Amino acid sequence: MVKAVVLGAAGGIGQPLALLLKANPLVTELGLFDIVNTPGVAADLSHISTPAKVEGYLPPDDGLKKALTGADIVVIPAGVPRKPGMTRDDLFKINAGIVRDLATGIATTAPKAFVLVISNPVNSTVPIVAEVFKKHGVFDAKRLFGVTTLDVVRASTFVAEVLGDLSAAPSVTVPVVGGHSGVTIIPLLSQSSKPLPSGFASDKLEALTKRVQFGGDEVVKAKDGAGSATLSMAYAGAEFASKVLRALKGEKGIVAPSYVHLSAEKASGDALKKEIGKELEYFSAPIELGPEGVVSIRPLGTLTDYEKGLLSAAIPELETNIEKGVSFIGNSKL
Ligand SMILES: NC(=O)C1=CN([C@@H]2O[C@H](COP(=O)(O)OP(=O)(O)OC[C@H]3O[C@@H](n4cnc5c(N)ncnc54)[C@H](O)[C@@H]3O)[C@@H](O)[C@H]2O)C=CC1
Ligand SMILES: O=C([O-])CC(=O)C(=O)O
């Protein structure tokens, strides 16, 4: 029996993500929470002929607590999306408080659940969840994940496009490490499972790297005020959730990049800090998953000089984003 819960389930990401979780045969119960519209979304999904029993909850009558009771995995896409001209950090003002309050609900009702944070800015919202959990004495770094899968999905697609064979996209794997905003997104294209064409020019490599780093902006611009990536994010979120669930069920050797606290597995986390050359608390790297969550954090491996430059450029912004999330909770009473 597996209960999955989506917080922000009526939104642009929440609805298609809930659909994909309803379609996942590993899920037997699906709890949907939002401040609006969840009864309708739940009624609609409940007619789909898959195992999951679906319930929708709203804030009155302890809806958050009811949604979270018995949760094994909680996915959080609640919060406002970007409009053209905004950075992800501009969302902090509104989303930090939303994520803090939802994290408080999880800490008190489902402290053992795996928590997958989608709400932006991920580089700061994951530390917010961790700090809330620490205040409640329930923080387990192995179970907290910032969802960076969309960067990986984009890298696979864009590399396949460069190779002129979109049908290769599902089998192209590119480690994307660092964080989830602009220059903190570091695609390690030299490690693509399908190499780029030999003699791939450096200006093309730079353009491809930038496309992965700023793929979110491409969608924000195209949607022209109507929000940011929702469908590709729902796909990516469901992919990552499915890997976490398969690992929970005992499948071995599942690896997926995610933004985690580097204490999640001490030896490999410390080794990664050495590779990065900085005492960062959080970083996105390929993670081996198991029934208890993080089993180990994989090393970055050999970086090209260009990728080393990307890493150096990412570190100051990551540090600032992490500190912003940590100090938001700071000494505040919850
Ligand atoms: N990690 C990633 O790769 C990505 C993250 N995002 C982020 O995901 C978030 C959601 O994006 P969209 O779904 O497009 O936005 P949206 O506005 O369509 O949906 C957000 C939903 O959250 C709900 N919500 C607001 N406050 C809430 C609360 N206190 N409790 C529960 N639900 C609440 C809203 O009612 C709405 O239904 C944004 O912060 C966006 O930046 C978006 C794409 C990719
Ligand atoms: O760009 C945004 O604001 C949404 C997001 O995180 C992405 O699409 O990667």
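Which residue, Leu196, Leu102, Leu26, has the most motion in a Gaussian network model of the chain that connects Cα atoms within less than 10 Å?
Judging by the Gaussian network model, the answer is Leu196.
Tell me which of Gly325, Ile35, Ala52 sits at the most positive position along the dipole axis of the chain, charges placed on C-beta atoms (Lys, Arg +1; Asp, Glu -1).
Going by the Cα projections, it comes out as Ala52.
Mean-square fluctuation check for the chain, GNM, Cα pairs under 10 Å: which of Ala241, Ala18, Ala201 is largest?
Ala201
State to the nearest 20 debye the size of the charge dipole of the range 3-146 about its Cα centre, where the only charges are +1 on K and R beta carbons and -1 on D and E beta carbons.
Taking the Cα centre of the range 3-146 as origin, the dipole is about 320 debye.
Give the lysines reachable from Lys22 as a straight Cα distance under 19 Å; neighbours fewer than 8 places away on the same chain don't count.
Result set, ordered by chain and number: Lys3, Lys53, Lys66, Lys243, Lys249.
Report the percentage of all Cα-Cα pairs in the chain whose separation exceeds 36 Å, rounded to a whole percent.
Percent of Cα pairs beyond 36 Å in the chain: 14.
Find the centroid of the Cα atoms in the range 42-60 and in the range 237-264, then give the distance between the two in whole Å.
Taking the Cα centre of each part, the range 42-60 and the range 237-264 sit 25 Å apart.
With a 1.4 Å probe and all protein chains in place, put Lys3, Lys221 in order of accessible area, largest first.
So, going from the largest accessible area down, we get Lys221, Lys3.
If Lys and Arg each add +1 and Asp and Glu each add -1, what is the summed charge of the other residues whose beta carbon sits under 12 Å from the beta carbon of Gly225?
+3
Around Pro81, with a cut-off of 12 angstrom between Cβ atoms, what is the net charge of the other residues, counting Lys and Arg +1 and Asp and Glu -1?
Around Pro81, the surrounding residues sum to +3.
Search the structure for amide H atoms under 5 Å from the amide H of Gly290, placed 1.01 Å from N in the peptide plane, and list their residues when 5 or more places away or on another chain.
Here the answer is Val295, since their amide H atoms fall under 5 Å of that of Gly290.
Within the range 76-165, list the trypsin sites (Lys or Arg not before Pro) lying in a DSSP loop whose Cβ has at most 13 other Cβ atoms in a 10 Å radius.
Qualifying residues, ordered by number: Lys112.
Most fluctuating residue of Gln15, Gln191, Gln213 in a GNM of the chain with Cα springs under 10 Å: which is it?
Gln191
Based on the mean of other beta carbon atoms within 10 Å per residue, what is the order of 168-174, 303-309, most packed first?
The most tightly packed comes first, giving 168-174, 303-309.
Taking the Cα centre of the range 148-334 as origin, work out the dipole magnitude from +1 charges on Lys and Arg Cβ and -1 charges on Asp and Glu Cβ, in debye rounded to 20.
320 debye
Rounded, prolate or oblate: which fits the range 148-334 when a ≥ b ≥ c are the square roots of the eigenvalues of the alpha-carbon gyration tensor, with rounded for a/c under 1.5 and prolate only if a/b beats b/c?
It comes out rounded by the Cα gyration axes.
Under the classification rounded if a/c is under 1.5, otherwise prolate if a/b is larger than b/c and oblate if not, where does the range 217-277 fall, given a ≥ b ≥ c as square roots of the Cα gyration tensor eigenvalues?
Here the range 217-277 falls in the oblate category.
Suppose every Lys and Arg Cβ carries +1 and every Asp and Glu Cβ carries -1, with no other charges. What dipole size does the chain come out with about its Cα centre, to the nearest 20 debye?
Dipole of the chain, to the nearest 20 debye: 400 debye.
Round to the nearest 10 and give me the degree value, 0 to 90, for the angle of helix 202-213's Cα axis relative to the longest principal axis of the chain.
Between helix and principal axis, roughly 10 degrees.
Net charge within 11 Å of Leu334 by Cβ-Cβ distance, Lys/Arg positive one each and Asp/Glu negative one each, not counting Leu334 itself?
+2
The values are calculated or read from the model by the stated rules, or taken from the named source; none is laboratory data. It should be emphasised that the depicted structure is a prediction, and the values quoted were computed from it without experimental measurement. Don't worry about glycine lacking a Cβ; one is built from the backbone with ideal geometry, like all the others, and counts go over all protein chains shown. When the accessible area is computed, the model is the full protein with side chains, heavy atoms only, and any ligands, DNA or RNA have been set aside. Shrake-Rupley method; radii C 1.70, N 1.55, O 1.52, S 1.80 Å.
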